[in-house]
Amino acid sequence: MSVSVLAVGTPYVVADRAEQLANTLYNAIVKRNSVFVPTIFAGAFAFSIGFDVGITKFWDTWNKGKQWKDIREKYVEA
Amino acid sequence: MSRVVYHPVPPQGNVKRFLRTWSTSMGLWGAGAGITALYLLSVTPLVKREFLTKVPVLGSYFEDKTPASDKPF
């Protein structure tokens, strides 16, 4: 049982799950700036790829049959 | 009665202490600088062609898939 930071002076001694998760994340990622900053850039890198793939898939599905890549077989002469 | 004894430190003692303190941080910042540079340069065709396409999982995302007949240049 860990002491809750929120409960100084009170009889409660249980750190709730959110606080434990926050502490784990803080100690792992935020505490060292040399880990925090690269995590942010790596997160941006990952998000840019993931978001692009997701939104492109949605766009292609939503506009099926209307884009050049869907109809180009009819016009390619190679 | 206390006795003060001087323990001489060889010059490499300062270097060792500096490395012990800072080597982890320097290594992490170096990796971070690499990640940042890769992210900021990922738009360039050189980095895409020569490096990012060779990454195992994400390589196919960076490949240029437009057919040659569709390219203006």
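The values are calculated or read from the model by the stated rules, or taken from the named source; none is laboratory data. Because the structure is predicted, anything quoted here is derived from the model rather than measured. Cβ atoms come from the backbone with ideal geometry, glycine included; neighbour counts cover every protein chain shown. Accessible surface areas use protein heavy atoms only, side chains included; no ligands, DNA or RNA. Shrake-Rupley method; radii C 1.70, N 1.55, O 1.52, S 1.80 Å.
Peptide A:29-40 has a mean of 4 when you count, residue by residue, the C-beta atoms of other protein chains within 10 Å of its C-beta. Pairs from the table (A:31/B:16; A:64/B:65; A:66/B:54) lying more than 22 angstrom apart at Cα are A:31/B:16; A:66/B:54. Counting only other chain Cβ atoms within 10 Å of each residue's Cβ, the peptide A:44-50 averages 3. Rounded to the nearest Hz, the phi-derived 3J(HN,Hα) couplings of segment B:4-11 under the Karplus curve 6.51 cos²θ - 1.76 cosθ + 1.60 (θ = phi - 60°) are 9, 10, 8, 9, x, 9, x, x, where x marks glycine and proline. Accessible surface ranking for A:25, B:28, 1.4 angstrom probe, highest first: A:25, B:28. Rolling a 1.4 angstrom probe over the protein heavy atoms with all chains in place gives chain B an accessible area of 87 Å² per residue.
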